[in-house]
Amino acid sequence: MKTANYMVGRVVILLMILQAKRIWWCLEQPCNSLLERHPLFQRFLTLTGVQVRRLSTSMVWFGGPTKKPSWIYSSDLF
């Protein structure tokens, strides 16, 4: 669990840097990922100027051998 917290922390720091530089970003997560409920990610979503869109997709739509339902998180276009 400690390792997962480090990973989320690093992702959130990278997302904050991208937001500050007004660089469009996207992040793919499996639908069963706990990222969306993590306190650091939740805090990131409440920052001023941060608007995140979420889209569901399935890897089978792109020729994948399994469904692997996923969420795509994306910054809003600037």
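The values are calculated or read from the model by the stated rules, or taken from the named source; none is laboratory data. Only a predicted model underlies this, so the values are computations on that prediction, with no experimental measurement involved. Cβ placement follows ideal geometry from the backbone for every residue including glycine, while neighbour counts extend to all protein chains displayed. The accessibility values were calculated without ligands, DNA or RNA, using every heavy atom of the protein model including side chains. Shrake-Rupley method; radii C 1.70, N 1.55, O 1.52, S 1.80 Å.
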- Quick check: anything in segment 26-38 open to solvent by 50 Å² or more (accessible area, probe 1.4 Å), hydrophobic (A, V, I, L, M, F, W, C) and at pLDDT 95 or above? yes
- Query: Does Thr48 count as assigned to a helix (DSSP H, G or I), farther than 14 Å from Ile72 by Cα, open to solvent by 60 Å² or more (accessible area, probe 1.4 Å) and at pLDDT below 95?
  - Reply: no
- Item | Trp61 being touching a residue at least 40 places away in the same chain (Cβ under 8 Å), open to solvent by 50 Å² or more (accessible area, probe 1.4 Å) and out of contact with any helix residue (DSSP H, G or I) (no Cβ under 6 Å at 6 or more places or on another chain) | no
- Message: Return the residues of segment 6-42 that are farther than 15 Å from Ser75 by Cβ, assigned to a helix (DSSP H, G or I) and touching a residue at least 24 places away in the same chain (Cβ under 8 Å); say none if nothing qualifies.
- Response: Val8, Gly9, Leu35, Glu36, Leu40
- Query: Does Pro69 meet the test of being surrounded by 13 or more Cβ atoms within 10 Å (Cβ to Cβ) and not hydrophobic (A, V, I, L, M, F, W, C)?
  - Reply: yes
- Item | Residue count, segment 51-78 (criterion: assigned to a strand (DSSP E or B) and among the charged types (D, E, K, R)) | 2
